[in-house]
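The values are calculated or read from the model by the stated rules, or taken from the named source; none is laboratory data. A quick note: this is a predicted structure, and the numbers were derived from the prediction, not measured. Cβ placement follows ideal geometry from the backbone for every residue including glycine, while neighbour counts extend to all protein chains displayed.
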Amino acid sequence: MIPGIAEYININVDTEYYHMIFDKVAGVDSNTFGKTKWNSFALEDNRTGIDTEYSKDFKRILSEQKSVHPYMQKRSTGFNYANTVEKDLFIHSDIDLDTKHPKHFNLIIPIYGKALISYYKTKEEDIWLPEKNAHGFAYYHEFKKRLDDDYEDFKRVNKIGEIIVEPDKPVLLDTFIMHGVEIIESPRLAWCSRWNNIPVHYDFYSWKARVENILK
């Protein structure tokens, strides 16, 4: 774990139900993320910004998650699936520039498979805004050195910690800090809830306590 950044969280999860819902939607066209080969079954199509049909099948899950907080970023909320260890997620940080309040946290509920999330020092001079989403807002940072020859050395020097995401161990993440996801056991399936538009007075631990109290 990385205290105050990426920690296991004690909540009640009906994993079998999540698995059943994924099997139900898996036959529908998925919405792959732009720079990874993950299959995403999220509430919004990342290419068009249009709502997907998944919300009907996700109704119970979303009702539970929205009891914590009603605002969720649609593009990142849903299932992520990878069927090989080659489908990693490049290092980035997430931002929500189209919200009134600045805070956001991700809840990851692993169903099967295993992933390693590594975190890195996030310095303004090392990052940039590479592209905008379908709504016209920049939505993530990545490292300027991503395509440089010394990138691997840069990562080793700037890594600050890691956390294993595996079944029966949900994780709460601060995704404003640069992080990458490596699939280490596949196939891998996880649910992500991205709460956003969270008032500034919440920090990692007060939000974690809120989630644990409501979803216990």
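Annotations
- Screening the stretch 138-160 for residues that are in contact with an Asp or Glu (Cβ under 8 Å, 6 or more places away or on another chain) and not in a helix (DSSP H, G or I) and picking the one that is nearest to I5 (Cα to Cα) gives Y140.
- For S76, the stated conditions do not hold, so it cannot be described as in contact with a His (Cβ under 8 Å, 6 or more places away or on another chain), more than 15 Å from E166 (Cα to Cα), among the hydroxyl-bearing types (S, T, Y) and at pLDDT below 95.
- Subset of the stretch 44-64 that is within 19 Å of the chain's Cα centre (by Cα), among the polar types (S, T, N, Q) and at pLDDT below 90 - its residue that is surrounded by the fewest Cβ atoms within 10 Å (Cβ to Cβ): S55
- Cross-chain or 6+ apart pairs with Cβ under 6 Å, the stretch 60-75 first and under 16 Å from T15 (Cα atoms), then not in a loop (DSSP other than H, G, I, E, B): Q65/S193
- Every pair of residues 6+ apart whose Cβ atoms lie under 6 Å, when the first sits in the stretch 187-215 and is in contact (Cβ under 8 Å) with a residue 40 or more places away in the chain and closer than 19 Å to I2 by Cα while the second is aromatic (F, W, Y) and surrounded by 14 or more Cβ atoms within 10 Å (Cβ to Cβ): W207/F105
Listed here are the residues, each with its yes/no results for (1) surrounded by fewer than 21 Cβ atoms within 10 Å (Cβ to Cβ); (2) of a type outside the set (S, T, N, Q); (3) touching an Asp or Glu at 6+ places or on another chain (Cβ under 6 Å).
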residue: S186; (1), (2), (3): yes, no, no
residue: A190; (1), (2), (3): no, yes, no
residue: S193; (1), (2), (3): no, no, no
residue: H201; (1), (2), (3): yes, yes, no
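- The single condition among (1) touching a Phe, Trp or Tyr at 6+ places or on another chain (Cβ under 9 Å); (2) modelled with pLDDT under 95 that N106 does not satisfy is (2).
- Selection within the stretch 147-184 - more than 18 Å from the chain's Cα centre (by Cα) and touching a residue at least 60 places away in the same chain (Cβ under 8 Å): K155, I160
- Whichever residue in the stretch 197-216 is of a type in the set (A, V, I, L, M, F, W, C) and not in a helix (DSSP H, G or I) and, among such residues, is farthest from the chain's Cα centre (by Cα): V200
- Candidate set: the stretch 74-103, residues that are assigned to a strand (DSSP E or B) and touching a helix residue (DSSP H, G or I) at 6+ places or on another chain (Cβ under 9 Å); chosen: the one surrounded by the most Cβ atoms within 10 Å (Cβ to Cβ): G78
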